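Visitor: The structure follows.
The values are calculated or read from the model by the stated rules, or taken from the named source; none is laboratory data. Please read all numbers here as calculations on a predicted model, not as lab measurements. Here Cβ is always computed from backbone atoms with ideal geometry, including for glycine, and neighbour counts include all displayed protein chains.
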Amino acid sequence: MPRFRPFRRSSTTLPAPRPAQPWAGHAKGSQAYGRILAGLSFAGVATFAQLYSTQAVLPILAADLRVTAAEAALTISLATVGLAVTVLPWSFVADRIGRVRAMTWGISAATALGLLVPLAPSFPTLLGLRMLEGMALGGIPAIAIAYLNEEVNKAHAALAAGSYVAGTTLGGLAGRLVAGPVGELWGWRAAALAVSVLATAAAVLFLVLVPKARGFTAAAASGFRGAVRTLAGHGRNPRLLALYIQAFLLMGGFVAIYNYLGFRLSGEPFNLPATAISLIFLAYLSGTVSARWSAGLTLRFGRRNVLIAGTGLMAGGLALTLTQSLPLILLGLLVFTGGFFAAHSIGAGWTGVIASTGRAQAASLYNLAYYLGSSILGWAGGLVFQSLGWTALALTVIGLACTTAVITAVVQPSPARPAPEAAAAAS
């Protein structure tokens, strides 16, 4: 009989499971990458069409409600104040519940409030609704860049951020082009309603297209002290601080120019109607191009040099608007707008690269400075315009651009000797 042989466990052990690879992000050209950019572009349309929906009809609104140019501009400034004061709270909410869910909440609330704006019975009520609308919209720009940095491959992060900023320019342009002709025919209330309907459609497309997050990890509830430590750390970083100053100065000057150029063109010697004035916002198309183009240029020249070049274009474009020639004014506006969005796309994307932790908060501080500039300088520019005229306003904004260029040149590292985090992002 065959002898029984007891079972012997093999000495060969199974290989240990490989550690999970860290999420590298969606690569350019993938379906998810395309859906992210398309979804965030529609979010940009919904956000910025609503945020600046009254800008193209400010002269009409001022005449109808019998307020001054600076008072009418409060419909822009208070909306951006609302956005500015909520970008930080939205970033902490997004750290807990996820980027996509937070953006969904914000965009849904904003579209509902936007549909109420045309029904405002008085100017104070209108201002209150606009501020609430801005507070809801704070959930988009506060989170979108952080979402991009988590979901897109690092090699394509700058291009993705440029594409998102390009989408925001289209949103701002669409809202103004809709509002101008509608406002001239049926008044500013009809214009606000038309923009709100456009924003609602864009919000639905965002909800359908944007994919679920894969790179998000919920942050532990560290409480108020942890939040303060995170923000204080960003505030002590001179490179981030320089970007926040840039955002405040450039956005403030940009909004001031667009707020009051319409008043200049509606008066002597131009006397343009509201529909024609709304066409000046076609200059935003130069920003759509420059935001993406500048992202590509960073690979050759570095973020620092491209940002400085953008501020130089802003100053040069504004110099052309000092003439009395309408073609030169429009050319100058094209150059000015292209330079602004080139600089903005670099600054917005750079925050997530410099900040190794608390990226959502770093991006939120950038947006806080950005929209405070829009609110404060965008309104204060009206005081300069009303008292001293267009030349004084344009020279003031040129000074803001030059100040930004000097700060960037002094604080940010040269591309020849990049900081470690900048080198990792091919800046």
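Visitor: Which numbered condition in (1) out of contact with any Phe, Trp or Tyr (no Cβ under 7 Å at 6 or more places or on another chain); (2) over 27 Å from V67 (Cα atoms) is the only one that M314 fails?
Guide: If we test M314 against (1) out of contact with any Phe, Trp or Tyr (no Cβ under 7 Å at 6 or more places or on another chain); (2) over 27 Å from V67 (Cα atoms), just (1) comes out false.
Visitor: Any residue at all in segment 76-97 that's under 20 Å from L265 (Cα atoms) and surrounded by 24 or more Cβ atoms within 10 Å (Cβ to Cβ)? Please lay out each step first, then the result.
Guide: Quick first cut of segment 76-97, residues under 20 Å from L265 (Cα atoms) only: 76.
Okay, now just the ones that are also surrounded by 24 or more Cβ atoms within 10 Å (Cβ to Cβ), so 76.
Checking segment 76-97: at least one residue is under 20 Å from L265 (Cα atoms) and surrounded by 24 or more Cβ atoms within 10 Å (Cβ to Cβ).
Visitor: Can I ask one more? Go through segment 310-329 and count every residue that is closer than 16 Å to A256 by Cα and out of contact with any Ser or Thr (no Cβ under 7 Å at 6 or more places or on another chain).
Guide: The total comes to 6.
Visitor: Still on this structure, I have one more. Show the residue pairs that are 6+ apart or on different chains and have beta-carbon atoms under 8 Å apart, the first residue being within segment 227-253 and in contact (Cβ under 8 Å) with a residue 60 or more places away in the chain and farther than 22 Å from D95 by Cα, the second being small (G, A, S) and not in a helix (DSSP H, G or I).
Guide: Matching pairs, first to second residue: R239/A419.
Visitor: Any residue at all in segment 299-316 that is among the hydroxyl-bearing types (S, T, Y), more than 13 Å from G339 (Cβ to Cβ) and assigned to a helix (DSSP H, G or I)? First the steps, then the outcome.
Guide: As a first pass, look at segment 299-316 and keep what is among the hydroxyl-bearing types (S, T, Y): 311.
Now restrict to residues that are more than 13 Å from G339 (Cβ to Cβ): none.
The answer is no, given that none of the residues of segment 299-316 is among the hydroxyl-bearing types (S, T, Y), more than 13 Å from G339 (Cβ to Cβ) and assigned to a helix (DSSP H, G or I).
Visitor: Under 6 Å by Cβ, and 6 or more places apart or on different chains, what pairs join a residue from segment 186-212 that is more than 19 Å from L170 (Cα to Cα) with one that is in a helix (DSSP H, G or I)?
Guide: So the pair list comes out as W188/V57; W188/I60; W188/L61; R189/P118; A190/V182; P211/A32; P211/R35.
Visitor: Name the single residue that is nearest to the chain's Cα centre (by Cα) among those in segment 303-345 being hydroxyl-bearing (S, T, Y) and crowded, with 21+ Cβ neighbours inside 10 Å.
Guide: Within segment 303-345, the match that is nearest to the chain's Cα centre (by Cα) is S345.
Visitor: Let me ask something else. If you check every pair at least six apart or on different chains, which have Cβ atoms under 7 Å apart with a residue in segment 391-411 that is surrounded by fewer than 19 Cβ atoms within 10 Å (Cβ to Cβ) first and a residue that is among the basic types (K, R) second?
Guide: Listed pairs, sorted by first residue: V411/R239.
Visitor: Where residues in segment 258-302 are free of Cβ contacts under 8 Å to residues at least 60 places away in the same chain and small (G, A, S), which of them is farthest from A160 (Cα to Cα)?
Guide: G267
Visitor: For the subset of segment 346-376 comprising residues that are modelled with pLDDT under 85 and either out of contact with any helix residue (DSSP H, G or I) (no Cβ under 8 Å at 6 or more places or on another chain) or closer than 18 Å to A295 by Cα (or both), which member is surrounded by the fewest Cβ atoms within 10 Å (Cβ to Cβ)?
Guide: Restricting to residues being modelled with pLDDT under 85 and either out of contact with any helix residue (DSSP H, G or I) (no Cβ under 8 Å at 6 or more places or on another chain) or closer than 18 Å to A295 by Cα (or both), the top hit is I354.
Visitor: While we're looking at this one, here's another question. Could you please give the count of residues in segment 146-172 that are aliphatic (A, V, I, L, M) and out of contact with any Ser or Thr (no Cβ under 8 Å at 6 or more places or on another chain)?
Guide: 6
Visitor: OK, next. Can you find even one residue in segment 212-234 that is among the β-branched types (V, I, T), part of a helix (DSSP H, G or I) and modelled with pLDDT of 90 or more?
Guide: no
Visitor: Could you please give the count of residues in segment 245-271 that are touching a Pro at 6+ places or on another chain (Cβ under 8 Å) and crowded, with 19+ Cβ neighbours inside 10 Å?
Guide: 2
Visitor: Here is a further query. Being within 16 Å of V255 (Cβ to Cβ), aliphatic (A, V, I, L, M) and at pLDDT below 95: is that true of L326 here?
Guide: Against the criterion (within 16 Å of V255 (Cβ to Cβ), aliphatic (A, V, I, L, M) and at pLDDT below 95), L326 does not qualify.
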